[in-house]
Amino acid sequence: MMKTENREVLQERYELATERLKGIAQESVGHPALDDYFAKMSAFGETLAGYYAFVSQGGMDTASLEQLQDWNQRLYGDILPENYEQSWGNPAYAVSKVDEQWGRLLSYVYNVLRGSIVPTAEGDLQELVICLELLVEIYGAFAGAWQEEKQLPPYETVRQIIYWHNSDYSDFRAERSVRFLVCTDDNPPVDIIMEADLTDVRYLYRYGLYVTENEIEISRFLAGLPQETIDTMADTYTEGYRIGFEVTGKDLSIKKSVDLCYHIGFERMMRKAIQNYAAMGLKPLARGVGVEGAKPNRQYTYDHREDRGLIWDRALQQRKLEVMKTAYEHHKQEAKGYAGPAVVEIFGEEPFSPASRPQAIKMSPEQQKMWVEYSSKSSELYAQYIPMDERSFTIISFPAPEIGEDFRGIFEDTIRVNTLDYTKYRAIQERLIDSLDQADHVEIKGMNGNVTDLTVNLWKMQDPEKETIFENCVADVNIPVGEVFTSPVLTGTNGVLQVSRVFLRGLEYKNLSVTFKDGMVADYSCDNFSSAQKGKDYFKENVLNHRETLPMGEFAIGTNTTAYMMARKWAIEDKLPILIAEKTGPHFAVGDTCYSHEEDVAAYNTNGKRIVARENEKSRLRDTKPLEAYFNCHTDITLPFDELGELTAVRKDGSRIPIIVSGRFVLPGTEALNEPLEQGAEKR
């Protein structure tokens, strides 16, 4: 296990690296474009060094808001959309300046260097040194080749520098990653939440994340809310977490830590949440990808999503798995006390439909297979040290100011949606489940131009008096209230699911169509691109995660028509997070079931019936072929009510129980769900 180096040795390495950076801009490697690249990269490296000195000397405490904003711009300005077309971070630009091979490699290095911004803000000198030394070593290869032979170094020589840099520091980074995940000591974000003056928005810049008016306005908005409202928001969030343990029969008392995942600006709510969690015996931790700032440029992130393809091979994969296991073993006691994530999402960003850049690094088919295998094995390690049947989670969403001028009204409505009377929904959803439990299968058909025609095969119960197929989901782990869901039987689940417009994991899909054959994705298309093949590639890459197929892991009926009409009222259907969107109609998940890694844990609805549909033909392989049982993804595709012509439960004898007809609930006992729909129709 690599330990953090002696501070004096680390400081010496830092001084050597920064001293070397100062001379690069005055030197040449014999290629004008490469001279420009190294001049800009060395300048950025010097900016990082200056930022480290600023942070170390207490600049965050004394700088004005304008000075902090200037630092933020210097760190992120180059990749902002208005500058991106001329940035070496853009692989298309990099390739245009040199060639495909070198352009991709140099853009990769640029991205690595940018990865040290947040660690630098947190005073992590070792991570900064590692990144600066990589830049210096690569420059040395170019400078040496030019001085000795007046030519570029062999490409493979430079690629191997990057490869071994990644391999050599895998142990340090694995240790760092696991420590950030499960250890409650040394948590700068928690210190910010609990110690900063939250009425002074300068605190937002302490994270080192990109900050816009959006984050500033969130912070100021929350600062102006009555404490009662803040308490309601935090209490809903933390109580959902507690109830998640209670309803699944998991013992919260043996847990020690809760992982806070949030967007910066929500610190006032998070401070109250930390107090609530402390009353449950949980200490907060908040590190890594769980704390988010603004996204400087989603196209930049999209362009670099497969950068690992530059170096990924089986040896590197095996090394990363080995050092990850060592790191988990080193922190196994802390991992045992980890209770799971508690997530606060934001929504309201402008929809993003990425441009496809052929210049970006792509993993080869063989690398894609290895990555799928790596993802499965790393998830197994996680589950080994943090058993899924002992942990839980919760997730809640609020709008961000960038949603538009109606932000305050949308925020108020979202609080109302998040705090709906779950007892009312629980009773209505029991009526739904009582009918669905009688069914052999469910038929779903579209309307208003939607060509959905789908049959979902359901689990067959042995003891209907004591068993149920569907889970009655109220406001616990998934806030807000409002769905019943099951794991479909794959065999016999057939047909087409079509949605005119949907957003999946932040990406837009136009006229998405997915065909299922025996529960597996058999075909798919979308109209995002003029080329049908590009549309297929887009879905395969971002939903199937490079796999040839995935199962239908979940069939659910969202019942939160209040949320559905909130979206219609404010015209924000395209901006709802999946957390809320999935509650606004029937939805179908591609990937794992909702019970992934927890199939053998008994679970009951509040009426005492045991939920038996907890696996499918794929997850049933978990003990014999674990790599074929789980896919480590779960993407919900929601069919909106105004495209839903029919949802009918069909018994074994062919008799039918209509649930929804022409976008309205028709099952006796569920009519109250139509009230928001009718009220909204009247207003329109």
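Computed quantities for the displayed model
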quantity	calculated
Single unsatisfied condition, A294 versus (1) open to solvent by 50 Å² or more (accessible area, probe 1.4 Å); (2) in contact with a strand residue (DSSP E or B) (Cβ under 9 Å, 6 or more places away or on another chain)	(1)
Test: residue in the stretch 20-40 that is surrounded by 13 or more Cβ atoms within 10 Å (Cβ to Cβ), more than 20 Å from L134 (Cα to Cα) and under 35 Å from the mean Cα position of the chain (by Cα)	no
Any hit, the stretch 83-105, residues being assigned to a helix (DSSP H, G or I), open to solvent by 20 Å² or more (accessible area, probe 1.4 Å), under 22 Å from E122 (Cβ atoms) and touching a helix residue (DSSP H, G or I) at 6+ places or on another chain (Cβ under 9 Å)	no
Test: V55 is closer than 29 Å to S356 by Cα, part of a helix (DSSP H, G or I) and β-branched (V, I, T)	no
Selected residue (only one of P296, P284, P341 is in contact (Cβ under 8 Å) with a residue 24 or more places away in the chain, touching a helix residue (DSSP H, G or I) at 6+ places or on another chain (Cβ under 9 Å), over 20 Å from L579 (Cβ atoms) and part of a strand (DSSP E or B))	P284
Test set (1) among the aromatic types (F, W, Y); (2) part of a strand (DSSP E or B); (3) over 24 Å from the mean Cα position of the chain (by Cα) - Y524 fails condition number	(3)
Given (1) open to solvent by 20 Å² or more (accessible area, probe 1.4 Å); (2) in a strand (DSSP E or B), index of the condition E405 fails	(2)
Hey, Q69 surrounded by fewer than 19 Cβ atoms within 10 Å (Cβ to Cβ), within 31 Å of the chain's Cα centre (by Cα) and in contact (Cβ under 8 Å) with a residue 24 or more places away in the chain or not	yes
Residue selected from the stretch 334-373 under the condition among the hydrophobic types (A, V, I, L, M, F, W, C) and open to solvent by 20 Å² or more (accessible area, probe 1.4 Å), by the criterion farthest from S253 (Cα to Cα)	A355
Count - residues of the stretch 541-562 that are within 22 Å of the chain's Cα centre (by Cα) and in contact (Cβ under 8 Å) with a residue 12 or more places away in the chain	15
So D259, is it buried (at least 23 other Cβ atoms within 10 Å of the Cβ), among the charged types (D, E, K, R) and not in a helix (DSSP H, G or I)	yes
Residues of the stretch 572-602 that turn out to be open to solvent by 30 Å² or more (accessible area, probe 1.4 Å) and in a helix (DSSP H, G or I), as a count	4
Yes/no for R501 being at pLDDT below 95, under 20 Å from V372 (Cβ atoms) and surrounded by fewer than 19 Cβ atoms within 10 Å (Cβ to Cβ)	no
Qualifying residue in the stretch 433-450 (condition: under 24 Å from E246 (Cα atoms) and either buried (at least 22 other Cβ atoms within 10 Å of the Cβ) or modelled with pLDDT of 95 or more (or both))	yes
Of all residues making up the stretch 262-281, the number that are within 21 Å of R179 (Cα to Cα) and in a loop (DSSP other than H, G, I, E, B)	1
Scope the stretch 625-648; condition among the acidic types (D, E), farther than 17 Å from L576 by Cα and in contact (Cβ under 8 Å) with a residue 12 or more places away in the chain; matching residues	E643, E646
Odd one out for T635, checked against (1) of a type in the set (S, T, Y); (2) over 30 Å from N511 (Cβ atoms); (3) not in a loop (DSSP other than H, G, I, E, B)	(2)
Within the stretch 191-206, tally of residues that are within 24 Å of the chain's Cα centre (by Cα) and open to solvent by less than 20 Å² (accessible area, probe 1.4 Å)	4
Matching residues in the stretch 174-200 - criterion: being free of Cβ contacts under 8 Å to residues at least 24 places away in the same chain and either out of contact with any helix residue (DSSP H, G or I) (no Cβ under 7 Å at 6 or more places or on another chain) or of a type in the set (S, T, Y) (or both)	D185, D186, D191, E195, D200
Every residue from the stretch 209-224 that is among the acidic types (D, E) and open to solvent by 10 Å² or more (accessible area, probe 1.4 Å)	E213, E217
Total residues in the stretch 514-536, condition without any contact (Cβ under 8 Å) to a residue 24 or more places away in the chain, over 30 Å from V666 (Cα atoms) and surrounded by fewer than 17 Cβ atoms within 10 Å (Cβ to Cβ)	7
Checklist (1) surrounded by 16 or more Cβ atoms within 10 Å (Cβ to Cβ); (2) out of contact with any Lys or Arg (no Cβ under 6 Å at 6 or more places or on another chain); (3) not acidic (D, E) applied to T670, failing item	(2)
E430 being more than 27 Å from V514 (Cα to Cα) and either part of a loop (DSSP other than H, G, I, E, B) or of a type in the set (D, E) (or both)	yes
Search result, residues across the stretch 462-503 that are among the hydroxyl-bearing types (S, T, Y), assigned to a strand (DSSP E or B) and within 25 Å of G244 (Cα to Cα)	T468, T486
Count of residues meeting criterion [in contact with a Cys (Cβ under 9 Å, 6 or more places away or on another chain) and of a type in the set (A, V, I, L, M, F, W, C)] in the stretch 431-472	0
Residue in the stretch 452-469 that is under 27 Å from the mean Cα position of the chain (by Cα), open to solvent by less than 10 Å² (accessible area, probe 1.4 Å) and on the phi < 0 side of the Ramachandran plot present	no
Tally, over the stretch 299-328, of residues that are more than 24 Å from V158 (Cβ to Cβ) and open to solvent by 30 Å² or more (accessible area, probe 1.4 Å)	5
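The values are calculated or read from the model by the stated rules, or taken from the named source; none is laboratory data. These numbers were taken from a predicted model, which means no experiment stands behind them. Quick reminder, even Gly has a Cβ in these numbers, built from the backbone with ideal geometry, and neighbours come from all protein chains shown. All accessible areas refer to the heavy atoms of the entire protein, side chains included, with ligands and DNA or RNA removed. Shrake-Rupley method; radii C 1.70, N 1.55, O 1.52, S 1.80 Å.
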